[in-house]
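The values are calculated or read from the model by the stated rules, or taken from the named source; none is laboratory data. Remember, predicted model here, so these are calculated numbers, not experimental data. Backbone-built Cβ (ideal geometry, glycine too); neighbour counts: all protein chains shown. These area figures cover heavy atoms from the full protein model, side chains too; ligands, DNA and RNA do not enter into them. Shrake-Rupley method; radii C 1.70, N 1.55, O 1.52, S 1.80 Å.
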Amino acid sequence: MRLVLLGAPGSGKGTQASRLREHLQVPHVSTGDLLRAAVKAGTPLGLQAKAVMESGALVSDEIVLGMLEERLTAGDTGNGFILDGYPRNLVQANALDALLRKLGQPVDIAVQLDVDAELLVERIAGRAQVEGRADDTPEAVRNRLKIYNEATAPVVDFYRTTGRLACVNGVGSVDEVFQRILETLAPTPEVG
């Protein structure tokens with residue numbers, strides 16, 4: 001199973017990706033984790049990323065895609081993977097699709113976790129309070145969600161138009177949301 005997990009900050013992607021990794025027995029590939037690991041290991045792409053990050057700029061799509069290619073050609077991805085945090089925009093979605101076609105590992109399904117914006121604000125603000133993060137004010141969170149929605153709406157449409165999108169209600173207990181995701185992944189028997 002090759003799965004892309006989509007959802008706004010606070011929608012539960014990381015939590016569900018961890019559970020799906022155990023259930024599906026495929027690796028959870030987070031671009032943030034890949035970047036940190038490559039920088040720490042001092043790989044050629046990691047050194048490029050480190051220089052960009054130290055300058056305060058965003059790491060280019062080309063560098064991230066190179067790291068994804070390295071990771072997705074590792075032996076443990078033969079039975080699939082769960083991508084979390086990528087693609088975030090239409091350019092990345094098209095580049096990822098081309099890369100996965102080249103590798104012979106096209107995405108099976110993209111799962112969009114749908115959560116109401118105000119609930120996301122509550123979740124993130126609550127998490128920020130627990131973690132003592134002053135940067136996650138409700139206003140800042142609403143702005144991040146606005147930017148996220150503008151950038152990722154085309155990604156959701158990209159997977160919808162290619163017939164590979166499943167929207168899942170991301171509200172409820174962790175177990176309830178997990179069950180909904182599993183139901184979207186299970187093939188439905190053909191009637192006829």
### Message
What aspartates and glutamates does LYS40 reach when the alpha-carbon gap must be under 17 Å and sequence neighbours fewer than 8 apart in one chain are set aside?
### Response
GLU54, GLU70
### Message
I'd like to know which of GLY12, LEU65, ASN94 lies farthest towards the positive end of the charge dipole of the range 1-112, counting +1 on Cβ of Lys and Arg and -1 on Cβ of Asp and Glu.
### Response
GLY12
### Summary
Placing +1 on each Lys and Arg Cβ and -1 on each Asp and Glu Cβ in the chain, then taking the dipole about the Cα centre, the residue among GLN179, LEU145, GLY56 whose Cα reaches farthest towards the positive end is GLY56
### Query
Counting only the backbone N, which residues of the range 1-31 are under 17 Å from the spot 7 Å out from the Cα of GLU176 toward its beta-carbon?
11-13, 16
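Normalising by the residue count of the range 48-142, find the relative contact order in percent from Cα pairs under 8 Å and 6+ residues apart.
15 percent.
Under the classification rounded if a/c is under 1.5, otherwise prolate if a/b is larger than b/c and oblate if not, where does the range 39-136 fall, given a ≥ b ≥ c as square roots of the Cα gyration tensor eigenvalues? Spell out each step's value before the answer.
Values: a/c = 2.17, a/b = 1.32, b/c = 1.65.
Here the range 39-136 falls in the oblate category.
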### Table column - 3J(HN,Hα) (Hz), the range 51-57, Karplus curve with 6.51, -1.76, 1.60, x for Gly and Pro
4, 5, 5, 5, 7, x, 8
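What percentage of the solvent-accessible surface of the chain, computed with a 1.4 Å probe over protein heavy atoms, is contributed by carbon and sulfur atoms? Kindly include the intermediate steps, with their values, before the conclusion.
Working: 5560 of 10310 Å².
Of the solvent-accessible surface of the chain, carbon and sulfur hold 54 percent.
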### Task
Determine the distance separating the Cα centre of the range 65-83 from the Cα centre of the range 84-101; give it in Å without decimals.
13 Å
### Query
So how much accessible area does LEU103 have, in Å² to the nearest 10, using a 1.4 Å probe?
40 Å²
### Task
Would you work out the relative contact order for the chain, in percent, from Cα pairs under 8 angstrom that are 6 or more residues apart?
30 percent
### Message
I'd like to check one number: the per residue accessible area of the chain, probe 1.4 Å, reported in Å² as a whole number.
### Response
54 Å²
### Task
Can you spot the lysines whose alpha carbon is less than 23 Å from LYS13's alpha carbon? Ignore those fewer than 8 places along the same chain.
LYS146
### Message
Run the simple label-point estimate for GLN105 and GLU139 please: 7 Å along Cα→C-beta, distance reported in nm.
### Response
4.4 nm
### Task
List, in order, the whole-Hz ³J(HN,Hα) value for each residue of the range 37-46 obtained from phi through the Karplus relation with A = 6.51, B = -1.76, C = 1.60 and θ = phi - 60°; use x for Gly and Pro.
5, 5, 5, 4, 7, x, 5, x, 5, x
### Task
Only helical DSSP H runs with n ≥ 4 go in: add -39500 (n - 2.57) per run for the chain, normalise by residue count and round the 222 nm mean residue ellipticity to 500 deg cm²/dmol.
-18500 deg cm²/dmol
### Task
Can you tell me the dipole magnitude for the chain around its Cα centre, using point charges on the Cβ only (Lys, Arg +1; Asp, Glu -1), in Debye to the nearest 20?
320 debye
